[in-house]
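As structure tokens, the structure follows; a few thoughts come after it.
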Amino acid sequence: MANITVTPTRMELTRLKGKLKTARRGHKLLKDKRDGLMKQFLETVREVRALRSEVEEELMTVHRSFTVASALMSSEALEQALLYPKQSVVLTQTTKNIMSVNVPVFDFQTKTKSDADIYPYGFAATSGELDAAVDALGRVFRKMLKLAEIEKSAQLMAEEIEKTRRRVNALEYVVIPNTEETIRYITMKLDENDRATTTRLMKVKDMILKQAIEEKQAQTAEMLENFS
């Protein structure tokens, strides 16, 4: 049993009942939030797995193409071909709110008119496999960015789920039971005080009644003596 040190007054009882009502309402809201976040988190995890599989497969294709290109070209020619990128990228980050969790949204814009304009070299002295590798890498970049976005979202949601779970448990197993126990304690004390007060009042009433009867008897005896 918890060590209860509150003053058992009706004002304190009213305050604790209000606190208990608020705690129960907050507990329900937090449970709903936790369940909603968990559902969204599981959907995000499934999306991460599917997208990660696609990205890994496409990166393997890029790696194979670069491997073949490096076999067909000298390392100096390959380095020279990729030394000066033709296309520059501007990355922007915004946020969106998912059940009170601010998750990142990544986007990028190229400074060239077409995403296909990504070859920083002439085609005469390079291998066709290098073209395929650069093209595949350009296509997988958007998916890599999306993967980073949803993985970070999953991480933030997992952290929020854990914080919400701790709050739910604190309310469910600590705050609400302790408040209910304190309310029972104060109610019991107030009932004891009411019973004690009633007992005292009954005793006072009996004393007053007894005194009135004795006075009445004394007056009657005195009247009888006067008549005799």
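The values are calculated or read from the model by the stated rules, or taken from the named source; none is laboratory data. Here the structure is a predicted model, which is why all the values come from computation and not from measurement. No Cβ is skipped: glycine too gets one built from the backbone with ideal geometry, and neighbour counts run over all protein chains shown. Just the protein is used for accessible areas: all its heavy atoms, side chains included, with ligands, DNA and RNA removed. Shrake-Rupley method; radii C 1.70, N 1.55, O 1.52, S 1.80 Å.
Data for the structure
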| item | result |
| --- | --- |
| All positions within the stretch 163-195 that are under 30 Å from Met38 (Cα atoms), polar (S, T, N, Q) and touching a residue at least 12 places away in the same chain (Cβ under 8 Å) | Thr164, Asn178, Thr179 |
| Sole residue being on the phi < 0 side of the Ramachandran plot and modelled with pLDDT of 95 or more, chosen from Asn178, Asn169 | Asn169 |
| Hey, Gln80 part of a strand (DSSP E or B), at pLDDT below 85 and of a type in the set (S, T, N, Q) or not | no |
| Selection count, the stretch 168-200, where residues are under 30 Å from Lys31 (Cα atoms) and of a type in the set (S, T, N, Q) | 5 |
| Condition broken by Gly18, with the remaining ones in (1) more than 30 Å from Val175 (Cα to Cα); (2) out of contact with any helix residue (DSSP H, G or I) (no Cβ under 8 Å at 6 or more places or on another chain); (3) open to solvent by less than 80 Å² (accessible area, probe 1.4 Å) satisfied | (1) |
| Options Glu225, Glu180, Glu215, Glu160; residue that is surrounded by 13 or more Cβ atoms within 10 Å (Cβ to Cβ) and farther than 19 Å from Val6 by Cβ | Glu160 |
| Qualifying position, being in contact with a strand residue (DSSP E or B) (Cβ under 7 Å, 6 or more places away or on another chain), charged (D, E, K, R) and part of a helix (DSSP H, G or I), among Glu192, Glu180, Glu160, Glu172 | Glu160 |
| Selection count, the stretch 31-76, where residues are part of a helix (DSSP H, G or I), out of contact with any Gly (no Cβ under 9 Å at 6 or more places or on another chain), farther than 30 Å from Thr164 by Cα and open to solvent by less than 40 Å² (accessible area, probe 1.4 Å) | 3 |
